[in-house]
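Notes to accompany the following structure.
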Amino acid sequence: MAKARRVTSIDVAKEAGVSQTTVSYVLNNVPHQKISEETRQRIFAAVEKLGYTPSAAARTLRLGRSDIVLLLMPDLPLGSTAIELIEYLTAGLERHGLSVVTRIESGRTVATLWKDLAPAAVVSFAPVAKQHRADMRAAGTYVVNVWGDSDGEPNVMTRGQVRVGRMQIEHLVAQGHVRVGYAAPADARMRAFLDPRLEGVRQGCADHGLASPSVREVALDTEAAAAAARAWREEGVTAVCAFNDEVAIALLAGLRAAGLAAPADLAVIGVDDTPMARFAEPPLTTINQHMEAVAAELADTVLTGLERPDARRPAPPESATLVIRRSA
């Protein structure tokens, strides 16, 4: 089947029986034009009938600026925490007249997507080639690569994820644990989040003079999780920092399958405080990252980059808190 052609202002003009210039005047609400109300209504009716929407590039030319923020997400499972972040960021930027377009990384190149949308800013959680980022900046698009890089881009996420790992180990040390493990996700796509969280745990261990954590992948499979739990016990590990709540809950299931219990045999702490954390057996101790605060920091970074200092809000409070339940 042939791809449907995009409706243009020329089509609207033909449907309404007017010139394209008249359509432009009406839709852009250009003042001091002698256009009758009857003609205006014909144009609006044609727009409604044809489903016409101006392109992003055309809107940018008309306004002299873009109101679009392109949010690029990596191709990985989006859990409740990521969805919260997207929702809060979208709402925060919309309050300042910006529209957020969210795209999951796919086969379509970033360069093509960026040129089609002509965004004012790009917030990227997904890998974007250095040259593409340079091209965007050269065209006046503000780029927020949330992981930062050697070019001095805003490093919004890394420091927060390192802090999450440090909070995990600080709690376990306070409980008297001196030999810890780290439950890493089996999904390699999580690497961007894994590395800074694990680095935080390693830093915390070094600060307390402890050995670096024993790192094992824990797949979302009861038998695999049970095998990891038994291996940690054989090493003398008494507590485990899990990459997130999903991995932590899998580990708790593995402990039960191996005839072990948390926290008596192996204490477990997660990250995210997902809705299921409180229903785990035992209820899961975890770190709540407070996505509203994370989104506020991201929004502030975008607004500052777009030179809207009047829209800046006070610095958000610390964006992570410890939630103590029975697993650790």
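The values are calculated or read from the model by the stated rules, or taken from the named source; none is laboratory data. What you see is a predicted model; the values in this text were computed from it and never measured. Note that each Cβ is placed from the backbone with ideal geometry, even for glycine, and that neighbours are counted across all protein chains shown.
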field: Residues that are at pLDDT 75 or above and either assigned to a helix (DSSP H, G or I) or surrounded by 15 or more Cβ atoms within 10 Å (Cβ to Cβ) (or both), drawn from the stretch 135-152
entry: D135, M136, R137, A138, T141, Y142, V143, V144, N145, V146
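Given the structure, is L322 out of contact with any Asp or Glu (no Cβ under 8 Å at 6 or more places or on another chain) and at pLDDT below 90? Let's see the steps before the verdict.
Working: out of contact with any Asp or Glu (no Cβ under 8 Å at 6 or more places or on another chain): yes; at pLDDT below 90: no.
Against the criterion (out of contact with any Asp or Glu (no Cβ under 8 Å at 6 or more places or on another chain) and at pLDDT below 90), L322 does not qualify.
Looking only at the stretch 7-33, which residues are outside any helix (DSSP H, G or I) and at pLDDT 80 or above?
Keep residues of the stretch 7-33 that are outside any helix (DSSP H, G or I), which gives 7-8, 17-19, 28-33.
Answer for the stretch 7-33, where residues must be outside any helix (DSSP H, G or I) and at pLDDT 80 or above: G17, V18, S19.
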- prompt: Quick check: is even one residue across the stretch 188-198 touching a strand residue (DSSP E or B) at 6+ places or on another chain (Cβ under 9 Å), among the hydrophobic types (A, V, I, L, M, F, W, C) and modelled with pLDDT of 95 or more?
  reply: yes
- prompt: Do we have any residue at all in the stretch 243-258 that's in contact with a strand residue (DSSP E or B) (Cβ under 8 Å, 6 or more places away or on another chain) and of a type in the set (S, T, N, Q)?
  reply: yes
- request: Assess whether V178 counts as being modelled with pLDDT of 85 or more, surrounded by fewer than 21 Cβ atoms within 10 Å (Cβ to Cβ), of a type in the set (A, V, I, L, M, F, W, C) and not in a helix (DSSP H, G or I).
  value: yes
- prompt: Does the stretch 153-175 hold any residues that are under 24 Å from A295 (Cβ atoms) and part of a loop (DSSP other than H, G, I, E, B), and which are they?
  reply: E153, P154, N155, V156, M157
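Criterion first (touching a Ser or Thr at 6+ places or on another chain (Cβ under 9 Å) and either within 15 Å of D245 (Cβ to Cβ) or not basic (K, R) (or both)) does L198 satisfy it?
For L198, the condition - touching a Ser or Thr at 6+ places or on another chain (Cβ under 9 Å) and either within 15 Å of D245 (Cβ to Cβ) or not basic (K, R) (or both) - is not met.
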